[in-house]
Number of protein chains: 2
Amino acid sequence: MSGNEKNTEKLILDAARNIFIEKGFDGARMQEIADTAGINKALLHYYYRSKDQLFEAVFRESFNTFSPRIFEIMSSPIELSQKIRLFIDSYIDIILENPHIPAFVLHELNRNPGRIKDLMPFTGQTAGGLLSALSQEIKSAGYVEISAQQLMINMIGLCIFPFIGRPIIQPILFGNDDNRFDEFIQSRKTEVTKFILNALTKK
Amino acid sequence: MSGNEKNTEKLILDAARNIFIEKGFDGARMQEIADTAGINKALLHYYYRSKDQLFEAVFRESFNTFSPRIFEIMSSPIELSQKIRLFIDSYIDIILENPHIPAFVLHELNRNPGRIKDLMPFTGQTAGGLLSALSQEIKSAGYVEISAQQLMINMIGLCIFPFIGRPIIQPILFGNDDNRFDEFIQSRKTEVTKFILNALTKK
DNA sequence: TTTCGGTTTAACCACGTGGTTAATTTATAA
DNA sequence: TTATAAATTAACCACGTGGTTAAACCGAAA
């Protein structure tokens, strides 16, 4: 039982996650995943039967990380402004720990939009319920008139976009300086929250 | 000179654009591009020497469509609020005509971030100039305190995100109904403009 | 020590890939 | 009509791909 005693299945999944997220399904090679995991290629098929199934495992995991707990937070019994603060804060934190996941998940979903059906934990109905509830809260909070959908997309988009757009944002706006980009992201949590809450406030 | 007299090079580029944008570089097959164009595969290499060069042609074109004319608009001598209205309006219009381009460009840029260097028409300096000018305008307009970078990213992100995120947005928020999603996008132009301008306004 | 199941590997396979080539067709001009 | 170059094609090639297989390895129970 030496130190590197790590079960092989996990070893494979870790390697596959790195490769798939970096190169996407089409760009990933089973050989490279095996090399990264430090094992023989046949072992990939021993534990996961095919490239598709290995990818499936990685993608589900990534999707669950990516899929915001927005519905949990949004249905909790706290004030709307607090929900918004809470969501922005925790969602940006999550993405900061896995900055490449949004681009990965969204690309694979665009490549195969039908896949979403297998992944949705909540029905359209539960979503509908939350939306109408949110819609009520917007009104009773005395906020600006805005549909629940528009607000949700704004919140999520403002959190995610900087990460997906980094390869174009950083060179143009920050002279390709990693530090300046990181500072930018750091300040985003408070900036986005301020921006949204102010956008919702009647003048 | 019959009706379908279309020069072959253009025929190839059209087919390549469709395939590359739908499947990405790694997922695209030269044979499928040839079939789509209705020509022999060897012709692809006759006009464009390699898959890379054919892709390069498609990507440059897409990037120029995608790359917002934000710097033109932002440096024109009109009031800031008008610039914002103008940008949101025209940018969403452009993307509506090519709804798959943002996901395509951003994915390929994430796959190969170095590529951006070959594509930037403006130096970091010109961008810097525009940013400080914009920063001044924000102040003199009496708007809320916000950095030029944060504002620009918010504007662009709010325009683009619904298109990149469609495969997840439509099923969850609109019961996978094409019409409801299209209505949502249509109302976005006014909604996003209102949202941003209000977010910038002090109480 | 032997046996036996789960692990791991080297070697292999059929097939699809991007790319090439030599020949054929087509248009053009003399 | 004929000569010439450009456009187009069928056939081909080397190689990388996902996947398989049979044998070897290894720890534990008998």
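Output the number of residues of the range B:8-26 satisfying the condition of being within 14 Å of another protein chain (Cβ to nearest Cβ) and more than 12 Å from DNA strand D (Cβ to nearest atom).
7
Away from DNA strand D (no atom under 14 Å from the Cβ), under 21 Å from A:I164 (Cβ atoms) and among the hydroxyl-bearing types (S, T, Y) - does that describe any residue in the range B:81-92?
yes
Free of Cβ contacts under 8 Å to residues at least 40 places away in the same chain and either surrounded by fewer than 16 Cβ atoms within 10 Å (Cβ to Cβ) or more than 30 Å from A:D118 (Cβ to Cβ) (or both): does that describe B:I116?
Considered against the rule, which asks whether it is free of Cβ contacts under 8 Å to residues at least 40 places away in the same chain and either surrounded by fewer than 16 Cβ atoms within 10 Å (Cβ to Cβ) or more than 30 Å from A:D118 (Cβ to Cβ) (or both), B:I116 comes out as yes.
For A:G175, state whether it is crowded, with 21+ Cβ neighbours inside 10 Å and within 7 Å of chain B (Cβ to nearest Cβ).
Criteria not met by A:G175.
Yes/no matrix, rows are residues, columns are (1) surrounded by fewer than 19 Cβ atoms within 10 Å (Cβ to Cβ); (2) facing chain B (nearest Cβ under 9 Å); (3) assigned to a helix (DSSP H, G or I); (4) of a type outside the set (G, A, S):
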site	(1), (2), (3), (4)
A:T126	yes, no, yes, yes
A:S135	yes, no, yes, no
A:V144	yes, yes, no, yes
A:Q149	no, yes, yes, yes
A:P162	no, yes, yes, yes
A:I169	no, yes, yes, yes
A:D182	yes, no, yes, yes
A:K189	yes, no, yes, yes
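Out of everything in the range A:68-86 that is closer than 14 Å to A:L130 by Cβ and among the small types (G, A, S), what residue ends up being surrounded by the most Cβ atoms within 10 Å (Cβ to Cβ)?
A:S75
Can you name the residue in the range A:70-99 that is closer than 16 Å to A:L158 by Cα and within 14 Å of chain B (Cβ to nearest Cβ) and, of all such residues, is nearest to the chain's Cα centre (by Cα)?
So, considering only residues that are closer than 16 Å to A:L158 by Cα and within 14 Å of chain B (Cβ to nearest Cβ), the one nearest to the chain's Cα centre (by Cα) is A:I95.
So for the range A:96-109 (the condition being buried (at least 17 other Cβ atoms within 10 Å of the Cβ) and at pLDDT below 95), does at least one residue qualify?
The answer is no, given that none of the residues of the range A:96-109 is buried (at least 17 other Cβ atoms within 10 Å of the Cβ) and at pLDDT below 95.
Consider B:E108 carefully, then state whether it is within 10 Å of chain A (Cβ to nearest Cβ) and among the acidic types (D, E).
Yes, satisfied.
Could you list all residues from the range A:33-62 that are more than 9 Å from DNA strand D (Cβ to nearest atom), surrounded by fewer than 15 Cβ atoms within 10 Å (Cβ to Cβ) and small (G, A, S)?
Of everything in the range A:33-62, just one residue is more than 9 Å from DNA strand D (Cβ to nearest atom), surrounded by fewer than 15 Cβ atoms within 10 Å (Cβ to Cβ) and small (G, A, S), namely A:G38.
The values are calculated or read from the model by the stated rules, or taken from the named source; none is laboratory data. This structure is a prediction, so every number in the text was calculated from the model and none was measured. All Cβ positions, even for glycine, are placed from backbone atoms using ideal geometry, and neighbour counts span all protein chains on display.
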